[in-house]
Amino acid sequence: MKAKMYEELPFSLKDVQDQLLQLAIHTSYSRDVRAVLIFEDDPPNIFETLQPLVQYVRKRRLIPPWIFTRKFVEESLDAYPLEFLDICTAYENLICNSNILKGLRFDKIDLRLQMERELRSKWLLTRQALLDNPYKPASVRNTVIVSRAAVYPVLKGMLHVHDQPVPATLEEAVKQASNLCKIDLSPLTELISGMPQAISYLNTLQKMIQYVQSLKL
């Protein structure tokens, strides 16, 4: 349903389509949908030129798009491998003059390092947020939901470093990764009703950290 709201997005880019290499729609495991634009170079007067795009997104209350150049993508695969792995394993092209996302390659060492960094960061920040407000179930639930959404790309990384295909659904990714690392990853998808489930989620993050640390690549 959300992806349909992007169908007319190319019309907001009519003035820059000649410079646009790729316009894709990425859907994450958390079901967030975001446009991804890749230019050869930034359009002239980018802040003015892309105002029709900004207005389109703002009017429909969509997530702000990612706007890259080819060079930025190519030079960022070691710094942001999880983000680009997440995008390139779940996208649909609306405009494709050059399919930059299809040809991306990732160093397994870079993926391992970012997986550990993401897991440690989410464990630390989630625990801190829960310490601040452990008695309101709605707050606890929202804290964990936001944290889990940021962790989902790690599942793709875990599978990719073992040369396993990345499934289309979160449920299948959790099942596949659980079998791979021998960890019960169900807390990544179970309903959060209070602190017991939140604590179970934090414990799962610790187990994932230990697993990622142990990887020999």
- Message: Looking at (1) free of Cβ contacts under 8 Å to residues at least 60 places away in the same chain; (2) outside the structural domain of L37 (by TED's automatic domain parsing), which one does F72 not meet, given that it meets all the others?
- Response: (2)
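With the requirement that a residue be closer than 19 Å to E171 by Cβ, in contact with a Lys or Arg (Cβ under 9 Å, 6 or more places away or on another chain) and assigned to a helix (DSSP H, G or I), what does the stretch 183-204 give you?
Those that are closer than 19 Å to E171 by Cβ, in contact with a Lys or Arg (Cβ under 9 Å, 6 or more places away or on another chain) and assigned to a helix (DSSP H, G or I): P187, L188, Q197, Y201.
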- Residues (over 16 Å from P153 (Cβ atoms) and assigned to a helix (DSSP H, G or I)) located in the stretch 92-108: K102, G103
- Got at least one residue in the stretch 131-148 being in a helix (DSSP H, G or I), within 21 Å of the chain's Cα centre (by Cα), acidic (D, E) and not assigned by TED's automatic domain parsing to the domain that holds D32? no
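Surrounded by 15 or more Cβ atoms within 10 Å (Cβ to Cβ) and either touching a helix residue (DSSP H, G or I) at 6+ places or on another chain (Cβ under 9 Å) or farther than 25 Å from K71 by Cα (or both): which single residue out of E118, E172 fits that description?
Details: E172 fails: surrounded by 15 or more Cβ atoms within 10 Å (Cβ to Cβ).
Result: E118 is the single residue among E118, E172 that is surrounded by 15 or more Cβ atoms within 10 Å (Cβ to Cβ) and either touching a helix residue (DSSP H, G or I) at 6+ places or on another chain (Cβ under 9 Å) or farther than 25 Å from K71 by Cα (or both).
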- Give the stretch 149-172 a look and list any residue that's over 15 Å from L111 (Cβ atoms) and either part of a helix (DSSP H, G or I) or not assigned by TED's automatic domain parsing to the domain that holds R112 (or both), or say none. A149, A150, L170, E171, E172
- Output yes when any residue across the stretch 56-69 is among the β-branched types (V, I, T) and over 30 Å from E171 (Cα atoms), and no when none is. yes
- Take the stretch 43-82 and flag every residue that is at pLDDT below 95 and crowded, with 16+ Cβ neighbours inside 10 Å. P43
- Note on the structure: Being in contact (Cβ under 8 Å) with a residue 24 or more places away in the chain, part of a helix (DSSP H, G or I) and either not assigned by TED's automatic domain parsing to the domain that holds V151 or not β-branched (V, I, T) (or both) narrows L21, L111 down to just L111
- Item | the stretch 5-59 - residue that is charged (D, E, K, R) and under 16 Å from N93 (Cβ atoms) and, of those, nearest to the chain's Cα centre (by Cα) | R34
- Message: Condition first: among the small types (G, A, S) and in contact (Cβ under 8 Å) with a residue 40 or more places away in the chain. Now tell me which residues in the stretch 143-190 satisfy that.
- Response: S147, A149, G157, A168, A173
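The values are calculated or read from the model by the stated rules, or taken from the named source; none is laboratory data. Remember, it's a predicted structure, so these values are computed and weren't measured experimentally. As a convention, Cβ positions derive from the backbone with ideal geometry for all residues, glycine included, and neighbour counts pool all protein chains shown.
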